[in-house]
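Working notes, beginning with the structure itself.
The values are calculated or read from the model by the stated rules, or taken from the named source; none is laboratory data. This is a predicted model, so every value here is computed, not measured. Reconstructed Cβ throughout: ideal geometry from the backbone, glycine too, with neighbour counts over all protein chains shown. SASA here: full protein model, heavy atoms, side chains in, ligands and nucleic acids out. Shrake-Rupley method; radii C 1.70, N 1.55, O 1.52, S 1.80 Å.
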Amino acid sequence: MNHRRSESGVPLSEQILAGLRADASAQLPQVAELRHALHRVPEIGLDLPLTQQIVLDALADLDLEVSTGTALSSVTAVLRGARPGPAVLLRGDMDALPVTEDSGEDFTSEHVGVMHACGHDLHVAGLVAAARLLAARRDEIAGSVVLMFQPGEEGDGGAEQMIAEGVLDAAGERVVAAYGVHVASALLPTGVVSGRAGTEMAAADSLRVTVHGKGGHGSAPHRALDPVPVAAEIVLALQAMVTRRFDAFDPVVVTVGAILAGTTNNVIPEQAELQVTVRTFSHATWEVVPAMITTLCESIAAAHGLTATVDYLRGYPVTVNDSDELDRTARLTRELFGEQAWQTMPQPLAGAEDFSYVLEQVPGSFVFVSATPAGVDARTAPYNHSAQAVFSDDALVIGPALLAALALDRLGDAAAR
């Protein structure tokens, strides 16, 4: 197998890679049992006491330096190698979604209306599994591995809060690289890992536009200031703006998800409200979009003698993979599982991810691991966030082995310098 690469370090030997594959496979029953336990008790947001306790119990025998969060129920664990060196970070997010499960799994959610519909139960169990693989190889590690068990990825910005509480410096110095994986219940063929250098996922902002008019009788719109057609004009103008003001190869996605106005058919309302999501794929575009949208909305309202209030709320930034670390991830995937196991993403996803906050601070990579069940067509299977989404436990071999290999490989680079 070809181990050539541009980095200065020594590549992991086939013996180490084979050991990671074998050990990840051997511990799968135990790791799958942990995943099922997590799946049964999903929790939403930043406060995940049941999940946190399961993680603490699962790590108890690994001789780690463990701490918990203050503003959120996070778990940070530091694994010290046998020799000094830098630190790297591995992350797994822990929160679930407000979805009523309809997957048919025999370990279905016991919490009504809550489900691990995005596979974060696999992320948690997989990070515990990676910790076990690394703990068994502590003598080979020159440096430390920070294990980041994070609540609140689904909209609450838990990564940003963990950074504020010091997760990037938990080993005593700033981590030099960070890695994360995300499972997918569809789209990717079984057994495939996928990612891309540069922008991999979009920034996701939200927008509320309130058009203020003057109410009146539906039969006499000339005696009122009707906000509804103005709101409709803004909807169409937003779609035109993103195709005429931005490069087609650096796109902007604007989706109006809700239009709220009025109470009945013969009353002109006082106001109309638009609720919007805005997705951008570069920092440069992300910076200018709010002002452009605000000007457009206010100007259209003013042209009709009305006013508009624009509330633009920043969400997660663009998720950007470091090119060298993405190359490392692709190489290790191929070396662990064969050439067919890696697939370069042809374009970014318009979804967003708060691991982006980590990747703004340190170089790293974030990739997708197929959890499409064997024998299921990935093109038609229910995708993440679906009540019918089913994730294969087999991903708990690929993800943990890859995360452990990334930590070993990156720390090996540092030791060789």
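Quick notes on this structure:
- Condition check for R379: over 25 Å from G166 (Cβ atoms) and free of Cβ contacts under 8 Å to residues at least 60 places away in the same chain: no
- Meets criteria (open to solvent by less than 20 Å² (accessible area, probe 1.4 Å) and more than 24 Å from S392 (Cβ to Cβ)) for S67: no
- In this structure, S74 does satisfy being of a type in the set (S, T, Y), touching a residue at least 12 places away in the same chain (Cβ under 8 Å) and touching a strand residue (DSSP E or B) at 6+ places or on another chain (Cβ under 7 Å).
- Residue in region 232-247 that is on the phi > 0 side of the Ramachandran plot and either touching a Pro at 6+ places or on another chain (Cβ under 9 Å) or assigned to a loop (DSSP other than H, G, I, E, B) (or both) present: no
- Residue check for V175: part of a loop (DSSP other than H, G, I, E, B), of a type outside the set (G, A, S), modelled with pLDDT of 95 or more and crowded, with 20+ Cβ neighbours inside 10 Å: yes
- Lone unmet requirement of (1) in a helix (DSSP H, G or I); (2) in contact with an Asp or Glu (Cβ under 9 Å, 6 or more places away or on another chain); (3) open to solvent by less than 10 Å² (accessible area, probe 1.4 Å); (4) closer than 18 Å to L396 by Cβ for F149: (1)
- Candidates are the residues of region 285-342 that are small (G, A, S) and under 20 Å from P227 (Cα atoms); the one that is most open to solvent (accessible area, probe 1.4 Å) is A303.
- Residue among T263, T295, T255 that alone is modelled with pLDDT of 95 or more and either in a strand (DSSP E or B) or of a type in the set (F, W, Y) (or both): T255
- Which listed residue, of A37, A32, A26, is surrounded by fewer than 17 Cβ atoms within 10 Å (Cβ to Cβ), among the hydrophobic types (A, V, I, L, M, F, W, C) and modelled with pLDDT of 95 or more: A26
- Selection of first residues in region 291-312 that are within 14 Å of Q271 (Cα to Cα) and among the β-branched types (V, I, T) and of second residues that are in a helix (DSSP H, G or I) and open to solvent by less than 30 Å² (accessible area, probe 1.4 Å), restricted to Cβ pairs under 9 Å at least 6 apart or on distinct chains, gives the following pairs, ordered by first then second residue: T307/A301; T309/C297; V310/P290; V310/I293; V310/C297.
- Region 207-231: number of residues that are open to solvent by less than 50 Å² (accessible area, probe 1.4 Å) and within 30 Å of P251 (Cβ to Cβ): 7
- Being of a type outside the set (A, V, I, L, M), surrounded by fewer than 18 Cβ atoms within 10 Å (Cβ to Cβ) and over 21 Å from the mean Cα position of the chain (by Cα) holds for only one residue in Q347, Q361, Q275, and it is Q275.
- Among the residues listed as A374, A416, the single one being more than 26 Å from R40 (Cα to Cα), at pLDDT below 95, open to solvent by 30 Å² or more (accessible area, probe 1.4 Å) and not aromatic (F, W, Y): A416
- Selected residue (only one of Y357, Y383 is outside any loop (DSSP other than H, G, I, E, B) and of a type outside the set (A, V, I, L, M)): Y357
- Scanning region 266-281 for residues that are out of contact with any Gly (no Cβ under 9 Å at 6 or more places or on another chain) and part of a loop (DSSP other than H, G, I, E, B) yields a total of 1.
- Matching residues, region 78-100, being in a strand (DSSP E or B) and buried (at least 23 other Cβ atoms within 10 Å of the Cβ): L79, A87, V88, L89, L90, R91, G92, D93
- The single condition from (1) over 15 Å from L134 (Cα atoms); (2) open to solvent by less than 20 Å² (accessible area, probe 1.4 Å); (3) assigned to a helix (DSSP H, G or I) that L20 fails is (1).
- Scanning region 193-231 for residues that are assigned to a helix (DSSP H, G or I) and more than 30 Å from L349 (Cα to Cα) turns up P221, H222, R223, P227, V228, P229, V230.
- Each residue in region 44-73 was checked for being under 14 Å from H123 (Cα atoms) and not hydrophobic (A, V, I, L, M, F, W, C), and 2 of them qualify.
- Among (1) in contact with a His (Cβ under 9 Å, 6 or more places away or on another chain); (2) at pLDDT below 95; (3) among the polar types (S, T, N, Q), the one test that T190 misses: (1)
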